[in-house]
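Working notes, beginning with the structure itself.
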Amino acid sequence: MILYSALVFADGPVMFYHGARHMNEVTLTFDDGPHPDYTPELLRILREANVKATFFVVGKAVANYPKLTRKIAEEGHEIANHSYMHYRYDGMSTADMAAELRAVNELIERTTGQKPVFFRPPGGRYNKLVLDAVGNEGMVMGLWDVNAGDYYKPIPVKERKPYRFSKRSAQRRSQSMVRDVVGRTRGGSVILFHNTDGETLKAIPEVIRLLREKGYDFVPMASLLTRSKVSKNR
Ligand SMILES: [Zn+2]
């Protein structure tokens, strides 16, 4: 069992969007899991590609699927805190934030043995109070610099098929995700994906293959942070 928190130095920055740009390491992050239908397939893809990533899990899903959460950790991935219910933090009181951050950290630690280093606010929304709350827990705000944009977006009514049970939402095509992610990734990049199906699962093996061709290695986010600091202090 790797304790990622042990890799991070005490004087850490509170916000982390990406690592040092001269490194050849990058991080894949997967938000909103674990999901019983999508996470096992995602784990299989990462296992086959021998990639260790960072999963920003939702506390409620950890409570519902402890075995699956443990499996993510056992396969060598980093587990990070993405709130309990995926409610926005920028409208929450300081006391509520502190209590929730702590509760989710404890749940993750009890379930996986990992003490989360990072918190990622739902929807990426934060303010000074959220930053302070995260800092007070000795955590780092784990953001990203490359967004795959793999959300399901509602299809405008006039573009829907004219039958009653036609699809109401759609994901961006995998080719477009791949082109964008590979084009925008630089050394130290943190790439945002979600625990979802369809186009995301198609895009990930391609993203891994093409970024490796460009000479990048994949490491969990806490390692990216630590290596950035080591190389900066040298
Ligand atoms: Zn999310």
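Values quoted throughout were computed directly from the atomic coordinates according to the rules given, and no laboratory measurement underlies them. From a predicted model like this one, the values you see are computed outputs, not experimental measurements. Cβ: placed from backbone, ideal geometry, glycine included. Neighbour counts: every protein chain shown.
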- Query: Fully extended, how many nm does the chain gain between Lys167 and Arg179 (0.36 nm per residue separation, minus their Cα-Cα distance)?
  - Reply: 1.8 nm
- Message: Give me a comma-separated list of calculated 3J(HN,Hα) values for the stretch 222-228, in order, Karplus coefficients 6.51, -1.76, 1.60 applied at θ = phi - 60°, integers in Hz, x for any Gly or Pro.
- Response: 5, 5, 4, 5, 4, 5, 4
- Item | Other-chain or far-sequence residues with amide H under 5 Å of Ala170's (modelled H) | Lys153, Ile155
- Note on the structure: Residue-ordered couplings for the stretch 164-178, obtained by feeding phi - 60° into the Karplus form 6.51 cos²θ - 1.76 cosθ + 1.60 and rounding to whole Hz (Gly and Pro as x), are 4, 9, 5, 4, 9, 9, 8, 9, 4, 5, 4, 4, 6, 4, 4
- Task: Kindly identify the stretch 78-151 as rounded, prolate or oblate by the Cα gyration tensor criterion: order the square roots of the eigenvalues as a ≥ b ≥ c, call it rounded if a/c is under 1.5, otherwise compare a/b with b/c, prolate if a/b is larger, else oblate.
- Result: oblate
- Message: Suppose the chain between Leu131 and Glu106 were pulled fully straight at 0.36 nm per residue; how much longer would it get relative to their current alpha carbon spacing?
- Response: 7.1 nm
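Rounded to the nearest 500 deg cm²/dmol, what is the calculated helix-only ellipticity per residue at 222 nm for the chain, with -39500 (n - 2.57) per DSSP H run of length n ≥ 4? Working shown, then result.
Values: 8 runs with 94 residues, N = 234.
So the calculated ellipticity at 222 nm is -12500 deg cm²/dmol.
Can you give the relative contact order of the stretch 9-146 as a percent, counting alpha carbon pairs under 8 Å and 6+ residues apart? It would help to have the intermediate numbers written out before the result.
On the way: 212 pairs, mean separation 39.5, N = 138.
Relative contact order, the stretch 9-146: 29 percent.
Taking the mean number of other Cβ atoms within 10 Å as a proxy for protection, how do you rank 173-180, 208-215, 143-150 from highest to lowest?
Numbers: 173-180: 16.9, 208-215: 14.0, 143-150: 19.8.
Highest-to-lowest ranking by the protection proxy: 143-150, 173-180, 208-215.
Per 0.36 nm of contour for each residue apart, how much would the distance between Glu75 and Glu48 grow if the chain were fully extended, relative to their Cα-Cα spacing?
Values: separation 27, 0.36 × 27 = 9.72 nm, distance 1.14 nm.
So the extension gain works out to 8.6 nm.
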- Note on the structure: Relative contact order as a percentage, the stretch 120-177, C-alpha pairs under 8 Å and 6+ apart, gives 29
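Suppose R0 equals 30 Å. What FRET efficiency, 1/(1 + (r/R0)^6) with r the Cβ-Cβ distance, do Arg21 and Lys202 give to the nearest 0.05? Numbers along the way, then the final one.
Details: r = 29 Å, r/R0 = 0.96.
Between Arg21 and Lys202 the formula returns 0.55.
Kindly identify the chain as rounded, prolate or oblate by the Cα gyration tensor criterion: order the square roots of the eigenvalues as a ≥ b ≥ c, call it rounded if a/c is under 1.5, otherwise compare a/b with b/c, prolate if a/b is larger, else oblate.
Working: a/c = 1.55, a/b = 1.20, b/c = 1.30.
Because a/c hits 1.5 or more and a/b fails to exceed b/c, the chain counts as oblate.
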- Query: Taking amide hydrogens as modeled 1.01 Å from N in the peptide plane, which residues meet the under 5 Å criterion relative to Arg160, leaving out close sequence neighbours?
  - Reply: none
- Using alpha-carbon positions, the gyration tensor of the stretch 101-234 gives root eigenvalues a ≥ b ≥ c; with a/c under 1.5 called rounded, otherwise prolate if a/b exceeds b/c, else oblate, the class is oblate
- Query: Taking the highest mean first, how do the peptides 94-107, 155-168, 77-90 order by number of other beta carbon atoms within 10 angstrom per residue?
  - Reply: 77-90, 94-107, 155-168
- Highest to lowest packing among 28-37, 53-62, 196-205, scored as the average C-beta count within 10 Å: 53-62, 28-37, 196-205
- per DSSP, antiparallel bridges as share of beta bridges in the chain, % nearest 5, sits at 10
